[in-house]
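Written out below as structure tokens is the structure these notes cover.
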Amino acid sequence: MSSSIKLSTISFQSLQSSSGKKKPLKLAKLGNQKSISLFSHRKKQNGKESCLPRDLKIKALDAAQPFDYESKKIKEMEKKNKLKIGIVGFGNFGQFLAKTIVKQGHTVLAHSVTDYSEVARRMGVSFFKDPDDFCEEHPEVILLCTSIISTGSVLRSFPSQRLKRSTLFADVLSVKEFPRNLLLQVLPPEFDILCTHPMFGPESGKAGWSGLPFVYDKVRIGEGSRAERCEHFLNIFAKEGCRMVEMSCAEHDRHAAESQFITHTVGRMLGKLNLESTPINTKGYETLLRIVENTAGDSFDLYYGLFMYNVNATEQLERLEMAFDALKKQLVGRLHTILRTQIFEGVPSGEVSEQVSSFADVQTSSPLQRSPSSLEQKSLPSQSNSSSSNTLPLNTK
């Protein structure tokens, strides 16, 4: 608060002395108080009126307050670094990112086919059902949070001509070469392009983002203020403690096929088993349950997108199948004749070996090339010979 003198409403008029000259107001210090000399009453002197001074005492003055220029500069810099970010696709993942972006003080707009206006209002986000109205707000950054399989149609129908030509487009898809090529193909060369992938989601990142990897590739970023804007956007994730990894889109997809696609595949396979927690859980079993929990919340469209739009996924699926078959073969190969004889009471070791060999042939064949009936025919004895002591009994004791 600046220093000022607070007085009751007083009209200061220019009063003239007997000589006709203006007398200025005089401010004199009287101890801890200050007084202003006012020409307030008149007295006749030599037949002329003259003004005599009268002291007006001011009881209090505002003290000069200290001013923190450093804090002001910091606030100005923070305000300058804030972005207006428009999220396209305001589903679970879009809302998940928006919470943190809003928390950091950025302005967030959202557009989605589904009406999320009430959800957006509670989060402090401006929601626009109409894409034209959304674009006319001129967000500095367009953040694509659509599903992988819908990104192409969404981007091609998006009214990007209503945006400023310097707008930054960023995506958060789980595959990277596909959106990179799509953005380069669809967007005019004036737009900046940043491909990113937060390697976490609403489930794995619900306790915070600290230490979680955030992969990005500056596909096409202008100079000067455009480069600064890109850094301000990336800083959103760096502030939350993410491990920032700059990597090409092609390299990302090679690694993601091994890490992300395999994880989702195993998680969905285990989910089909309906695994439940037990009173004697091991640490390893609890890890499996967490894998199921982390992948079960994701839509099948996401999983399908990881397979369909990553050229490395097919190879990983084939390798996973071969690894499973090799593991079954290794298990069956370790069956010892004597051990099998002890399990199946009274069965000669030679016949056990023959049955085990037949069982191993069935188990190691490709699951894509055999039917359940062939497995039953090769692994079970015929009904006519089931009573013979020279065959494997169907039910063991």
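For region 99-130, filtering for residues that are of a type in the set (Lys, Arg) and in contact with an Asp or Glu (Cβ under 8 Å, 6 or more places away or on another chain) leaves 1. Going through (1) more than 28 Å from LYS79 (Cβ to Cβ); (2) out of contact with any Leu (no Cβ under 9 Å at 6 or more places or on another chain) one by one, VAL292 falls short only on (2). Of the residues making up region 295-315, those that are without any contact (Cβ under 8 Å) to a residue 24 or more places away in the chain and either touching a Leu at 6+ places or on another chain (Cβ under 6 Å) or surrounded by 17 or more Cβ atoms within 10 Å (Cβ to Cβ) (or both) number 0.
Among the candidates LYS73, LYS84, LYS79, the residue that is closer than 28 Å to ARG226 by Cβ, surrounded by fewer than 20 Cβ atoms within 10 Å (Cβ to Cβ) and at pLDDT 95 or above is uniquely LYS84.
For GLY94, the conditions (1) assigned to a loop (DSSP other than H, G, I, E, B); (2) in contact with a Cys (Cβ under 7 Å, 6 or more places away or on another chain) all hold with the exception of (1). Would you confirm, using the coordinates I've provided, whether GLU318 is without any contact (Cβ under 8 Å) to a residue 24 or more places away in the chain, closer than 22 Å to ARG254 by Cβ and not hydrophobic (A, V, I, L, M, F, W, C)? So GLU318 fits the description; yes. For THR265, the conditions (1) more than 21 Å from TYR216 (Cβ to Cβ); (2) at pLDDT below 95; (3) surrounded by 13 or more Cβ atoms within 10 Å (Cβ to Cβ) are fulfilled apart from (2).
For LYS218, indicate whether it is farther than 19 Å from PHE169 by Cβ, under 18 Å from the mean Cα position of the chain (by Cα) and in the same structural domain as THR196 (by TED's automatic domain parsing). In short, no. Just wondering, is there one or more residues in region 274-293 that are within 23 Å of VAL175 (Cβ to Cβ), under 29 Å from the mean Cα position of the chain (by Cα) and among the small types (Gly, Ala, Ser)? No - not one qualifying residue is present in region 274-293.
Take the residues of region 268-293 that are among the aliphatic types (A, V, I, L, M) and part of a loop (DSSP other than H, G, I, E, B): which is surrounded by the fewest Cβ atoms within 10 Å (Cβ to Cβ)? Give the derivation first.
Of all residues in region 268-293, those among the aliphatic types (A, V, I, L, M) come to 269-270, 273, 275, 280, 288-289, 291-292.
After this cut, where a residue has to be part of a loop (DSSP other than H, G, I, E, B) as well, the list is 273, 275, 280.
Working: LEU273: 9, LEU275: 13, ILE280: 6.
Out of the qualifying residues, it is ILE280.
The values are calculated or read from the model by the stated rules, or taken from the named source; none is laboratory data. Owing to the predicted nature of the structure, the values given are computational and were not obtained by experimental measurement. Note that we place each Cβ from the backbone using ideal geometry, even for glycine, and neighbour counts take in every protein chain shown.
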